[in-house]
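The values are calculated or read from the model by the stated rules, or taken from the named source; none is laboratory data. Source: prediction; values computed, not measured. Counting neighbours? That spans all protein chains shown, and the Cβs are built from the backbone with ideal geometry, glycine included. Surface areas here come from the heavy atoms of the whole protein model, side chains and all, with no ligands, DNA or RNA. Shrake-Rupley method; radii C 1.70, N 1.55, O 1.52, S 1.80 Å.
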Amino acid sequence: MPKVSGLEKELTQVKGDITQFFRNGIDISSQAETRPLLPLLKAAHVELPPDLRVDHEEQKYDFYWVEVVFSCLLENDVFPRSAVFALTLVDDVKDPARRTRPIRLFPDRKDIQIFAIDTEGAIGIDASFNFVVPQVRSEIIPFQKIEGDAKLKSGITLGPFKYSFRKAAIEVKGTSDQDILWRYNLKSELCGANEFKSILILKVPQEAKSVKIKANLGVVPCKKSWFSFNRTELPQLTDQTTLFVELSKKR
């Protein structure tokens, strides 16, 4: 019978601890916060960009800001080491060419360099529906400073909205696709309660009566004493749910 090493015994114990004590430490929020963007732009006295006006008036699409949040609350000096958050968009539209899809994501691949520190910053969107993160010399400005400074808010059409940045190496895929994925390899020990927010601007055909999001989350928890193990050796905590996009009644 082969001998079991001390490291293997320790890994077995760690897996048992994760399964027993930390199973309920992660959660996908039960609601997707949804706002129709065209009424927001109208209320802000901002014109719709020409390409999106054509999409809306000629091709009959609407646009929605959707926020999806997952949280980690891990006790006893346990923190998330990595997280994978996957979303699948499902609607009741028959024509596959007109399926609901995101035209903007946050964070997106171009944004990954700003996740260098843990801080409370801000995001917004500009007149072309691009996400904007106010920065000075590549450093994120604290949200409280932006709120009262018109110069810092210049270029933001809608917002600013508070956003919690987490120090992480991020991989993102899914713009213009029904399958979207964020992978976080976290670079700091985020003990206690932490929220991670993903934002999508969805392009939704006006004939759609139902749009839902199938969300799947996997988080690898860690302690300082577990760093001797490869991340892939540690089991994931998982959660999944189905969220509904609240479509405007004036369609």
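Structure above, values below:
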| item | result |
| --- | --- |
| Cα gyration tensor category, rounded, prolate or oblate, for the stretch 129-251 with a/c compared to 1.5 | oblate |
| Which of Thr19, Thr241 is most accessible, then next, and so on - probe 1.4 Å | Thr19, Thr241 |
| Rel. contact order, % - alpha carbon contacts under 8 angstrom, at least six apart, the stretch 80-186 | 40 |
| Simple spin-label estimate for Leu73 and Asp92 in nanometres, 7 Å along Cα-Cβ | 3.5 |
| Cα gyration tensor shape for the stretch 1-148, rounded if a/c is under 1.5, else prolate or oblate | prolate |
| The stretch 23-88, relative contact order in percent, only Cα pairs under 8 angstrom and at least six apart counted | 50 |
| Solvent exposure of the chain as accessible area per residue, Å², 1.4 Å probe | 54 |
| Long pairs among Lys60/Lys167; Lys15/Lys212; Lys15/Lys203; Lys110/Lys214; Lys151/Lys209; Lys15/Lys162, criterion Cα-Cα beyond 31 Å | Lys60/Lys167; Lys15/Lys212; Lys15/Lys203; Lys151/Lys209; Lys15/Lys162 |
| Added length on full extension, which subtracts the Cα-Cα distance from 0.36 nm per residue, Arg35 to Ser138 | 34.1 nm |
| Heavy-atom accessible area ranking, 1.4 Å probe, most first, across Lys209, Lys145, Lys60 | Lys209, Lys145, Lys60 |
| For the stretch 208-251 versus the stretch 51-71, the gap between their alpha-carbon centres in whole angstrom | 23 |
| For the chain, size of Cβ-based charge dipole, Lys and Arg +1, Asp and Glu -1, in debye | 180 |
| Mean ellipticity per residue at 222 nm, deg cm²/dmol - from DSSP H runs of n ≥ 4 across the chain, formula -39500 (n - 2.57) | -4000 deg cm²/dmol |
| In Å², nearest 10: area of Val54 left accessible to a 1.4 Å probe | 80 |
| Hull volume in cubic angstrom per residue (convex hull over the Cα atoms of the chain) | 150 |
| Gain upon complete extension [Glu246, Glu8; 0.36 nm per residue less C-alpha separation] | 80.8 nm |
| Accessible surface of the chain [probe 1.4 Å, protein heavy atoms]: carbon and sulfur percent | 48 |
| Gaussian network model of the chain, Cα within-10 Å springs - most flexible of Arg101, Arg183, Arg109 | Arg109 |
| Area of Thr238 that stays accessible when all protein chains are in place (1.4 Å probe, Å², to 10) | 100 |
| Aspartates and glutamates whose Cα lies under 18 Å from that of Lys145, excluding same-chain neighbours fewer than 8 positions away | Asp118, Glu120 |
| Between the stretch 5-41 and the stretch 101-173, the alpha-carbon center distance in angstrom | 24 |
| Contact order relative to length of the stretch 118-242, as percent, for alpha carbon pairs under 8 angstrom and 6 or more apart | 18 |
